[in-house]
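Working notes for the structure below.
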Amino acid sequence: MTKTFVFSFYDEDAETSMDYAFPVYGEEKDVQQFVDNNSKFDDFVSESEEKYGVHDVSCNTYLHFMGYTSYEIDKKFYDECIQGFHTFFKENGFGVGDIQKIFIDKDDDQEEKEQELFNMCQTL
């Protein structure tokens, strides 16, 4: 089973977000347990928050999403931040697919865009 890691970078002024996602391969319960109960992961997230800004936990159990939303990270650091998570999972023994991204405007249907992003990750 594939779990999809998503990071939504939200721009409050423009009411838009740039969502990045990539598949994390492994048994779903193993991936979730690693994220939920691993001090290495917690330490990594803390370091990332110190470097870029606060990350709020977000998930969508229906679409097997896990990840974060941030309202603080500067646009110039989006790619660097998501690449850090991608590399972290890879270095800790999980297979990872390519990073996908999708722009979500305030007028877009959030649920529809999340489904589109999820579908993109499932084809990798």
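The values are calculated or read from the model by the stated rules, or taken from the named source; none is laboratory data. Source: prediction; values computed, not measured. All Cβ positions, glycine included, derive from the backbone under ideal geometry; neighbour counts span all protein chains shown. SASA here: full protein model, heavy atoms, side chains in, ligands and nucleic acids out. Shrake-Rupley method; radii C 1.70, N 1.55, O 1.52, S 1.80 Å.
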Subset of the stretch 34-50 (residues that are open to solvent by 30 Å² or more (accessible area, probe 1.4 Å) and either in contact with a Lys or Arg (Cβ under 6 Å, 6 or more places away or on another chain) or free of Cβ contacts under 8 Å to residues at least 24 places away in the same chain (or both)): D36, N37, N38, S39, D42, D43, S46, E47, E49, E50
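Answer yes or no as to whether E80 is under 22 Å from C121 (Cα atoms) and open to solvent by 30 Å² or more (accessible area, probe 1.4 Å).
On the way: under 22 Å from C121 (Cα atoms): yes; open to solvent by 30 Å² or more (accessible area, probe 1.4 Å): yes.
So E80 fits the description; yes.
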Pull out all pairs, ordered by first then second residue, where Cβ-Cβ is under 6 Å, the residues are six or more apart or on different chains, the first lies in the stretch 95-124 and is closer than 19 Å to E27 by Cα, and the second is assigned to a helix (DSSP H, G or I). V96/H86; V96/F89; V96/K90
Exactly one of V57, V6, V31 is closer than 21 Å to L117 by Cβ, surrounded by fewer than 19 Cβ atoms within 10 Å (Cβ to Cβ), among the hydrophobic types (A, V, I, L, M, F, W, C) and modelled with pLDDT under 90, and that one is V57
Within the stretch 60-70, of all residues that are among the aromatic types (F, W, Y) and closer than 13 Å to E114 by Cα, the one modelled with the lowest pLDDT is Y62
Could we say that G67 is in contact with a Cys (Cβ under 9 Å, 6 or more places away or on another chain) and under 14 Å from F5 (Cβ atoms) here? yes
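Considering each of V45, V57 in turn, give the residue that is under 20 Å from D11 (Cβ atoms) and either in a strand (DSSP E or B) or not hydroxyl-bearing (S, T, Y) (or both).
Details: V45 fails: under 20 Å from D11 (Cβ atoms).
None of the others qualify; the one that does is V57.
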Between I73, I82, which is in a loop (DSSP other than H, G, I, E, B) and at pLDDT 90 or above? I73
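Within the stretch 91-102, work out how many residues are under 14 Å from the mean Cα position of the chain (by Cα) and open to solvent by 50 Å² or more (accessible area, probe 1.4 Å).
Taking the stretch 91-102 as the starting set, the residues that turn out to be under 14 Å from the mean Cα position of the chain (by Cα) are 96-102.
Now drop any that are not open to solvent by 50 Å² or more (accessible area, probe 1.4 Å), which leaves 98-99, 101.
Of the residues in that region, 3 qualify.
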Select from the stretch 14-28 the residues that are open to solvent by less than 40 Å² (accessible area, probe 1.4 Å) and closer than 20 Å to S70 by Cβ and list them in ascending order. T16, S17, D19, Y20, A21, F22, V24
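Kindly indicate whether D11 is of a type in the set (D, E), open to solvent by less than 70 Å² (accessible area, probe 1.4 Å) and at pLDDT 85 or above. Walk me through it before giving the result.
Details: of a type in the set (D, E): yes; open to solvent by less than 70 Å² (accessible area, probe 1.4 Å): yes; at pLDDT 85 or above: yes.
The answer is yes for D11.
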If you check I82 against the conditions, is it under 23 Å from D11 (Cβ atoms) and under 11 Å from the mean Cα position of the chain (by Cα)? yes
